[in-house]
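> Take a look at the following structure, please.
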Amino acid sequence: MKERIVITDVGPRDGLQNQSKILSIEQRVELIRAIAAAGVPQIEVGSFVSPRAVPAMAGTDQVFAALDSQSDYRTPSIALIPNLKGYELARDAGAKAVTMVLYASEGMAEKNSAMSMTDAEDITMKILRLAKQDEIEVVATIAVAFSCPFDGPSDPLLVQNIASKFIGAGADQLVLADTIGSADPQQVRLLTEALVKSHGASQLGCHFHDTRAMGLANVYAAVESGIRRFDSSIAGLGGCPFAPGATGNVATDDVAMMLQQMGFETGIDLGRLMKASDLAETLTGTAAPGGRSKAWLQGHLDKQAG
Ligand code: COA
Ligand code: ZN
């Protein structure tokens, strides 16, 4: 039996929040459905944040309602939230899983959510308690887990302490986010090895951006440490509007292809994923395709089919 790796496509949230073109609710739903049709097992479908701060994510409640109304849509949908108000909005929209953001630097906490690192931790603790009662899963994501555009390199021991605190408090998953795409595979290996040693791998995940073209190498380093959960973004869309210089996430197209070729089971149909990737490019008009050569992949799929 092949070993499984779970990919969460964050394109409809991390990707679309940073595009100059704002998609309609229908277009967002169309993209999410295309990603789901490719067999991606989890999708971050949007965020409940201030619409003034991130206009592209306004109407995420309508995205949830549209997906709920489609009987053939069964992919677990996750919503990113920055605070308690976001939690309440996500719960009311019917979200069964939320991603709450923690911070490894004060600079990023302030710029992204106008709070301190401690405030974000206190609010996350409160959300964990509420979510248990509401039967909602909580993914705790540590932003700028490797380096911050405002405060510089993050302290790995601090990141490990935050991770331990929130795994101990009952977070369903704990994700290390390289928000600005600054990490290298050696850093990733050291931090993920330490965390896997302390907590086991089942709840741990990684979220890489490809700013320095090390996204895939970082995924590989984390896989070598035992990590089996990754965030990635269709067509490599992405970036944080509050983190200067950050570019797109590592592309789901590339991550799925690499992991499948390495012998892991991802549940993803690469041909259908290519269609979702093409749609992401058409809808946004700006997405850079993943690094993979489309011509090569198409030829490979044709050969398999034929
Ligand atoms: N969803 C929707 N609206 C929200 C909200 C949420 N989660 N949290 C706050 N608001 C609204 C408030 O109701 C208020 O609205 P009003 O002006 O109409 O009364 C307004 O936003 C400001 O609220 P305040 O508590 O003063 O927040 P702020 O201005 O200090 O901003 C955040 C803080 C967190 C709301 C804002 O920075 C934000 O949404 N950031 C999102 C960052 C993000 O998405 N980053 C990328 C992903 S990591
Ligand atoms: Zn991100």
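A short reminder: the numbers here are calculations on the coordinates, not readings from a lab. Everything quoted here is computed from the prediction, not taken from an experiment. For neighbour counting, all protein chains shown are included, and Cβ atoms are generated from backbone atoms with ideal geometry for every residue, glycine included.
> Can you list the lysines whose alpha carbon sits under 17 Å from that of Lys275, skipping same-chain ones fewer than 8 residues off?
Lys294
> Let me ask you something else. Can you order the peptides 42-50, 29-37 by their average number of other Cβ atoms within 10 Å per residue, highest first? Mind dumping the intermediate values first?
Details: 42-50: 25.1, 29-37: 21.9.
My ranking of the peptides, most packed first, is 42-50, 29-37.
> When we measure straight from the Cα of Lys21, which aspartates and glutamates land under 12 angstrom away, once same-chain ones fewer than 8 places off are left out?
Partners within reach: Glu281.
> Order 267-274, 248-255 from most to least packed using the mean count of other Cβ atoms within 10 Å.
The most tightly packed comes first, giving 248-255, 267-274.
> How do Thr60, Thr179, Thr266 rank when sorted from fewest to most other Cβ atoms within 10 Å of their own Cβ?
On the way: Thr60 29, Thr179 32, Thr266 24.
Least to most surrounded, the residues fall as Thr266, Thr60, Thr179.
> Could you derive backbone 3J(HN,Hα) for region 52-59 from the dihedral phi with the Karplus parameters 6.51, -1.76 and 1.60 (θ = phi - 60°), listing whole Hz in sequence and x where the residue is Gly or Pro?
6, 6, 9, x, 5, 9, 4, x
> Quote the FRET efficiency, to the nearest 0.05, computed for Gln70 versus Asp151 with a Förster distance R0 of 51 Å and r equal to the Cβ-Cβ distance.
0.75
> With 10 angstrom as the radius, rank Arg91, Arg4, Arg189 by how many other C-beta atoms surround their C-beta, starting from the fewest.
Arg4, Arg189, Arg91
> To continue, here is another question. Please list, in order, the residues from region 158-185 whose amide nitrogen is less than 20 Å from a point placed 7 Å along the Cα→Cβ vector of Glu135.
170-173
> Let a ≥ b ≥ c be the square roots of the eigenvalues of the Cα gyration tensor of region 107-220; is it rounded (a/c under 1.5), or, if not, prolate (a/b larger than b/c) or oblate?
Values: a/c = 1.93, a/b = 1.32, b/c = 1.46.
Oblate, since a/c reaches 1.5 and b/c is not below a/b.
> What number, rounded to the nearest 500 deg cm²/dmol, is the helix-based mean residue ellipticity at 222 nm of the chain, given -39500 (n - 2.57) per DSSP H run of at least four residues and division by all its residues? Display every interim value, and only then the final one.
Values: 11 runs with 134 residues, N = 306.
Roughly -13500 deg cm²/dmol at 222 nm, from the helical runs in the chain.
> Next up: With the crude spin-label approximation of a point 7 Å out along Cα→Cβ, what separation in nm comes out for Asp184 versus Val6?
Between Asp184 and Val6, the label points sit 3.2 nm apart.
> Which value results for Rg/Rh of region 6-305 when Rg is the Cα radius of gyration and Rh the Kirkwood radius based on the inverse mean 1/r? Walk me through the intermediate numbers first.
On the way: Rg = 17.7 Å, Rh = 18.9 Å.
Across region 6-305, the Cα-based Rg/Rh ratio is 0.94.
> So between Lys303 and Lys126, what do we pick up on full extension, going 0.36 nm a residue minus the alpha carbon distance? Could you put the intermediate results ahead of the total?
Working: separation 177, 0.36 × 177 = 63.72 nm, distance 5.30 nm.
Using 0.36 nm per residue and subtracting the Cα-Cα distance, I get 58.4 nm.
> I've got another one for you. Among the lysines, which have Cα under 18 Å from the Cα of Lys165 when same-chain residues fewer than 8 positions away are ignored?
Leaving aside lysines fewer than 8 places away in the same chain, those within reach of Lys165 are Lys126, Lys132, Lys197.
> For Asp302, Asp72, Asp178, Asp278, what ranking results if the residue with the fewest other Cβ atoms within 10 Å of its Cβ goes first?
Asp72, Asp302, Asp278, Asp178
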